[in-house]
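K.L.:
Just passing along the structure, written as structure tokens.
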Amino acid sequence: MIEVSGGRLAYEEAGDGPDAAVFHQYNGVTASGALAQAVARHFRVKAINPRGIGESGPVRDDGDLTMSGFVEDLVAARKALGVEKWVLAGSSTGGMVALQVALADPDGVAGLVLVGTAASRRFMEGSMYDPNGPDAAEFGMRMRELMANGDTEAYMEAVFRASVYDPERTPQPPEFGAGGFSMPRMMAFGQSVAGFDVEDRLGEISCPALVICGRQDPQCPLPNSERIAAGIPAAELRIFEECGHFPYWEHAEQFRAAIDAWSTRLN
């Protein structure tokens, strides 16, 4: 456990080397997860869960459920652990949180691994969540129905199948959702995402960044990663072909190789 203001964050560790952290805004993470394991080949990784997932908590108010609340907790967590600098690895909303931590705590961040993510609310443009998309109304209605019914398993399955390039080639792995899932945190993200935009501040991030995206990512389409890579001075962009939102599952070997090469240069 990591003691933070008014609560604590649960985490698992894996690997050896310099410090790193893996996290997500509303999905639980574990040290045995594919992203954490790829990073753990070169770093001592802490897979940290936010308040409301697993044993992390308590959730004191709605602010604790937001990205900004998690950013504050992660900055406090680094200091509580006595970590001088760490690499932050986040996929999807985890990457959005990582970008905000890098801006809030620049001296504490040694590098960023950003997978299928975005720096602003613009990620919805052309995504499967775009209200102007051809299938958005039907998909949105189905998702809202599952959320209202509290059918987390069916919700997660539907999201996964819609998010990979080829669901037959990449069946849902056992670890997807195994670390926990917080509907309140996801709802809080949806309610606050309209105010999320750090694209104009990307130039302030001085640490190296590895930006990875599937060319066919339907959740955070490629232009979002291209803008991040263009905005961060020391960023490197890797695009995976025939790949959706989860390159660490859809192209696991290629993903690990990209992390290996970047980590070697960083260290």
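The values are calculated or read from the model by the stated rules, or taken from the named source; none is laboratory data. Please read all numbers here as calculations on a predicted model, not as lab measurements. FYI the Cβ positions are ideal-geometry reconstructions off the backbone, even for glycines, and counts take in every protein chain you see.
K.L.:
Can you confirm whether region 96-115 contains a residue that is closer than 19 Å to ARG215 by Cβ, in contact with a Pro (Cβ under 6 Å, 6 or more places away or on another chain) and modelled with pLDDT of 85 or more?
P.N.:
Our first condition is that a residue be closer than 19 Å to ARG215 by Cβ; within region 96-115, this holds for 113-115.
Checking which are in contact with a Pro (Cβ under 6 Å, 6 or more places away or on another chain) leaves us with none.
Within region 96-115, none of the residues are closer than 19 Å to ARG215 by Cβ, in contact with a Pro (Cβ under 6 Å, 6 or more places away or on another chain) and modelled with pLDDT of 85 or more.
K.L.:
Something else: Kindly indicate the residue of region 2-15 that is modelled with pLDDT of 95 or more and in a loop (DSSP other than H, G, I, E, B) and also nearest to ARG60 (Cα to Cα) among those meeting that condition.
P.N.:
Step by step, filter region 2-15, then rank; the result is ALA10.
K.L.:
What about LEU103, is it closer than 26 Å to ALA178 by Cα and in contact with a helix residue (DSSP H, G or I) (Cβ under 8 Å, 6 or more places away or on another chain)? Break it down into steps so the answer makes sense when it comes.
P.N.:
Numbers: closer than 26 Å to ALA178 by Cα: no; in contact with a helix residue (DSSP H, G or I) (Cβ under 8 Å, 6 or more places away or on another chain): yes.
So LEU103 does not fit the description; no.
K.L.:
Also: Can you tell me which of PHE123, PHE196 is touching a residue at least 24 places away in the same chain (Cβ under 8 Å), among the aromatic types (Phe, Trp, Tyr) and either farther than 26 Å from GLU242 by Cα or out of contact with any helix residue (DSSP H, G or I) (no Cβ under 7 Å at 6 or more places or on another chain) (or both)? Spell out how you get there, then give the answer.
P.N.:
Values: PHE123 fails: either farther than 26 Å from GLU242 by Cα or out of contact with any helix residue (DSSP H, G or I) (no Cβ under 7 Å at 6 or more places or on another chain) (or both).
Within the list PHE123, PHE196, the selection yields PHE196.
K.L.:
Hey, another quick one. Would you pick out the residues in region 153-194 that are farther than 25 Å from GLU12 by Cα and of a type in the set (Ser, Thr, Tyr)?
P.N.:
Correct list: TYR155, SER163, TYR165, THR170, SER192.
Okay, residues lined up against (1) free of Cβ contacts under 8 Å to residues at least 60 places away in the same chain; (2) in a helix (DSSP H, G or I); (3) out of contact with any strand residue (DSSP E or B) (no Cβ under 9 Å at 6 or more places or on another chain):
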residue: LEU99; (1), (2), (3): no, yes, no
residue: MET128; (1), (2), (3): no, no, yes
residue: PRO131; (1), (2), (3): yes, no, yes
residue: ALA158; (1), (2), (3): yes, yes, yes
residue: ALA162; (1), (2), (3): yes, yes, yes
residue: GLU168; (1), (2), (3): yes, no, yes
residue: GLN172; (1), (2), (3): yes, no, yes
residue: GLU175; (1), (2), (3): no, no, yes
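K.L.:
If you go through region 54-76 one residue at a time, do you hit one that is more than 16 Å from GLY6 (Cα to Cα), outside any helix (DSSP H, G or I) and of a type outside the set (Gly, Ala, Ser)? Lay out the reasoning, then the answer.
P.N.:
From region 54-76, those more than 16 Å from GLY6 (Cα to Cα) are 54, 67; that's our starting set.
This time we only want the ones that are outside any helix (DSSP H, G or I), so: 54.
Next, from what is left, pick out any that are of a type outside the set (Gly, Ala, Ser): none.
The answer is no; no qualifying residue exists.
K.L.:
Turning to a different aspect of this structure: Considering every residue within region 49-61, establish whether at least one is touching a residue at least 12 places away in the same chain (Cβ under 8 Å), buried (at least 20 other Cβ atoms within 10 Å of the Cβ) and closer than 24 Å to ALA252 by Cα.
P.N.:
Yes: region 49-61 contains one or more residues that are touching a residue at least 12 places away in the same chain (Cβ under 8 Å), buried (at least 20 other Cβ atoms within 10 Å of the Cβ) and closer than 24 Å to ALA252 by Cα.
K.L.:
Being part of a loop (DSSP other than H, G, I, E, B) and free of Cβ contacts under 8 Å to residues at least 60 places away in the same chain is the filter; apply it to region 16-48 and report the residue that is nearest to ASP197 (Cα to Cα).
P.N.:
As a first pass, look at region 16-48 and keep what is part of a loop (DSSP other than H, G, I, E, B): 16-18, 24-26, 28-33, 41-43.
From what's left, free of Cβ contacts under 8 Å to residues at least 60 places away in the same chain: 16, 31.
Values: ASP16: 34, ALA31: 30 Å.
Among those residues, the one meeting the criterion is ALA31.
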